[in-house]
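Chemist: Got a structure here, written out as structure tokens. Questions coming.
Bear in mind these aren't lab numbers, they're just calculated from the coordinates by the rules spelled out. Predicted model only: the values in this text are computed from it and were never measured. Heads up, the Cβs are rebuilt from the backbone with ideal geometry, glycines too, and the neighbour counts pull from every protein chain shown.
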Amino acid sequence: IISPSAPTPRWRSANLQEEKDLFFNVAISARRFEESPFIDRHDTSKMVRGVYAGRFFAIYAGEDYLEKYWLLRRKAVIFDVAEKPVEISGPDAVPFLDKVLTRRISTMNEGRGYYALACTPQGGIFMDGVVFKLAENRFWYVQADGPFEDWLSALSTGFDVTISDPHSRVLQIQGPASIAIMNAASGAAIDESMRSFRSGLFDNGGQTLYVSRTGFTNELGFEIYCDGANTDHLALWDHLMAAGEPHGMEFSSTRAMTIRRIEGGILGNMTDMDPSMTPYEAGLGAFVDLEKGDFVGRDALLDADRRTLLLGLTCDGATPSSGSEIIDGDIVVGQITAGIPSPTLGLGVGYARFAKPGDWVGREMTLRLPDGSTHASQIVDLPFFDKEHQIVRGLDRTIP
């Protein structure tokens, strides 16, 4: 959903999900996009839907998004998300993924998940997501938006691998009550001992499904991966909702998720970063292993500038929005990729993408919104709060 009146930045933007995007909708043919198997349980006449990884998802369902946000932070919500697992299997699955991804896969243990990037030969970010090791030569890469399955197929020449779509729809249960909810849903098999970015097969109401302790909110949470046509999706939904009801869990569109992911410093592929930006420029250099041997983009990254171009911006007087300009004195030095009102901080916050590296953190800047109004703002490090990631790791159980 793209506003025709918004200025066009030099990078492509997608899936912005800002409030203004709810009012610029177009009708499209639905046959080429995947419908959610859970739609019968949460459809509403007020729903506004987006397309992500070729799948429909609810970006607004007529709810009070602030109410859902605080429910996410204080109890739990369930999200029907459109992220898409792609399966990579076969004798060469490990060397193939070591070739495609910037992280070392050869030392990965079964039941482990890694946040991992795939770069272009020029060192730009093509895709981000989480790779899981399901078995010795079987992996799932849960991709963000973009044609990653085609990218993998194009790079698979010379490798004995199979790239396939497991047709897995994903649910996220996020919030401080999520461990108690998943404990009830799994017959007590999932408990506090399951660490962040760990995964495995668990019974959920008589259906054996893959579950990971991950999410897109930087809150404590889990993701449940369906098993294609083998899953009774509506029965699964009803089972999870029954497990969550005593803890106050409700369904939410992704509006609350978008606010929380930006507060938490989680970047959106093709919104906050894209192939024109290296992992270093996006602040993701920690996920690049130049010592592991050759991989797509390594040669370009060896000599790449290691300084970050993507930082945070806070504004007390307005909410930053995509396309807003960041002005230093009278010079435009960057733009906002996405912005939201932060309920926790009581400020407008957004991602600031600078044209050039510099000592920006701590600097006072002028934010110029698309309507021409200007506001004082400050450049900060990411994430905007919980910089030690205590909440998602379950170490900070303080309820705001």
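Chemist: Filter the DSSP H helices in the chain by two things, a Kyte-Doolittle mean of at least -1.0 and an axial alpha-carbon span of 15 angstrom or more, and list the hits by number.
Modeler: 233-244
Chemist: Projecting each Cα onto the charge dipole of the stretch 249-346 (Lys/Arg +1, Asp/Glu -1 at the beta carbon, about the Cα centre), which of A256, V296, L284 comes out farthest on the positive side?
Modeler: Projecting each Cα onto the dipole axis, the largest value belongs to A256.
Chemist: Using Cα centres only, tell me the gap between the stretch 99-124 and the stretch 372-389 in whole Å.
Modeler: Distance between centres, Cα-based: 29 Å.
Chemist: What percent of all Cα-Cα pairs in the stretch 186-291 falls in each 5 Å bin, counting up from 0?
Modeler: Histogram of Cα-Cα distances, whole percents per bin: 2, 9, 15, 18, 19, 14, 10, 8, 4, 0.
Chemist: Also: Would you work out which of F126, F96, L267 lies farthest towards the positive end of the dipole of the chain, given +1 charges on the beta-carbon of Lys and Arg and -1 on that of Asp and Glu, about the Cα centre?
Modeler: Of the options given, the answer is L267.
Chemist: Let me ask something else about it. Rounded, prolate or oblate: pick one for the stretch 317-389, where a ≥ b ≥ c are the square roots of the eigenvalues of its C-alpha gyration tensor, a/c under 1.5 means rounded, and failing that, prolate if a/b is larger than b/c, else oblate.
Modeler: Oblate, since a/c reaches 1.5 and b/c is not below a/b.
Chemist: What residues have an amide H closer than 5 Å to that of V48, excluding those fewer than 5 places away on the same chain, when H is modeled at 1.01 Å from N in the peptide plane?
Modeler: I59, Y60, A61, G62
Chemist: May I pose another question? In nm, give the distance between the simple-model label positions of E35 and A300, each being 7 Å from the Cα along the Cα-to-Cβ direction.
Modeler: My value for the distance between the label points is 4.0 nm.
Chemist: Let me spell out the model: positive unit charges on the Cβ of Lys and Arg, negative unit charges on the Cβ of Asp and Glu, origin at the Cα centre of the chain. What dipole size does that give, in debye rounded to 20?
Modeler: 220 debye
Chemist: If you filter the stretch 181-231 for GluC sites (Glu not before Pro), then keep DSSP loop positions with at most 11 other Cβ within 10 Å, what is left?
Modeler: For GluC sites (Glu not before Pro) across the stretch 181-231 that sit outside H, G, I, E and B with at most 11 neighbouring Cβ atoms in 10 Å, the list reads E192.
Chemist: Determine the equivalent ellipsoid of the stretch 245-327 by diagonalising the alpha-carbon gyration tensor, then write out the semi-axes as square roots of 5 times the eigenvalues, largest first, rounded to whole Å.
Modeler: Here the semi-axes work out to 31, 20, 10 Å.
Chemist: Given axes a ≥ b ≥ c from the Cα gyration tensor, I'd like to know whether the stretch 214-272 is rounded (a/c under 1.5), prolate (a/b larger than b/c) or oblate.
Modeler: The shape class here is oblate.
Chemist: Same structure again: Would you work out if the chain is rounded, prolate or oblate? Take a ≥ b ≥ c from the square roots of the eigenvalues of the alpha-carbon gyration tensor; rounded if a/c is under 1.5, else prolate when a/b is larger than b/c, oblate otherwise.
Modeler: Oblate, because a/c is 1.5 or more while a/b does not exceed b/c.
Chemist: Show me the trypsin sites (Lys or Arg not before Pro) within the stretch 315-400 that DSSP assigns to loop and that have at most 12 other Cβ atoms within 10 Å of their Cβ.
Modeler: Sites meeting the loop and neighbour criteria: K387, R397.
Chemist: Can you tell me which aspartates and glutamates have their Cα less than 20 Å from the Cα of K387? Leave out same-chain residues fewer than eight positions away.
Modeler: E219, E263, D272, E281, D359, D396
Chemist: Next question, about the same structure. Tally Lys/Arg at +1 and Asp/Glu at -1 over every other residue whose Cβ is under 11 Å from the Cβ of G221; what's the total?
Modeler: Net of charged neighbours comes to 0.
Chemist: Okay, moving on. Which lysines does K99 reach when only Cα atoms under 17 Å apart count, and residues fewer than 8 places away in its own chain are ignored?
Modeler: The qualifying lysines are K133, K292.
Chemist: Select from the stretch 322-393 those GluC sites (Glu not before Pro) which occupy a DSSP coil region and have at most 10 other Cβ atoms within 10 Å, ordered by residue number.
Modeler: Sites meeting the loop and neighbour criteria: E388.
Chemist: Right, something else. Compute the whole-percent fraction of alpha carbon pairs in the stretch 277-400 spaced more than 25 Å apart.
Modeler: The answer is 35 percent, as a whole percent.
Chemist: Bins of 10 Å, beginning at zero and ending with the bin holding the largest distance: percent of Cα pairs per bin for the stretch 105-219, please.
Modeler: Percent of pairs per bin, in order: 11, 40, 33, 13, 3.
Chemist: Can you give the helix-only mean residue ellipticity at 222 nm for the chain, where every DSSP H stretch with n ≥ 4 adds -39500 (n - 2.57) and the sum goes over all residues, rounded to the nearest 500 deg cm²/dmol?
Modeler: Taking each H run of at least 4 residues, the total per residue is -4500 deg cm²/dmol.
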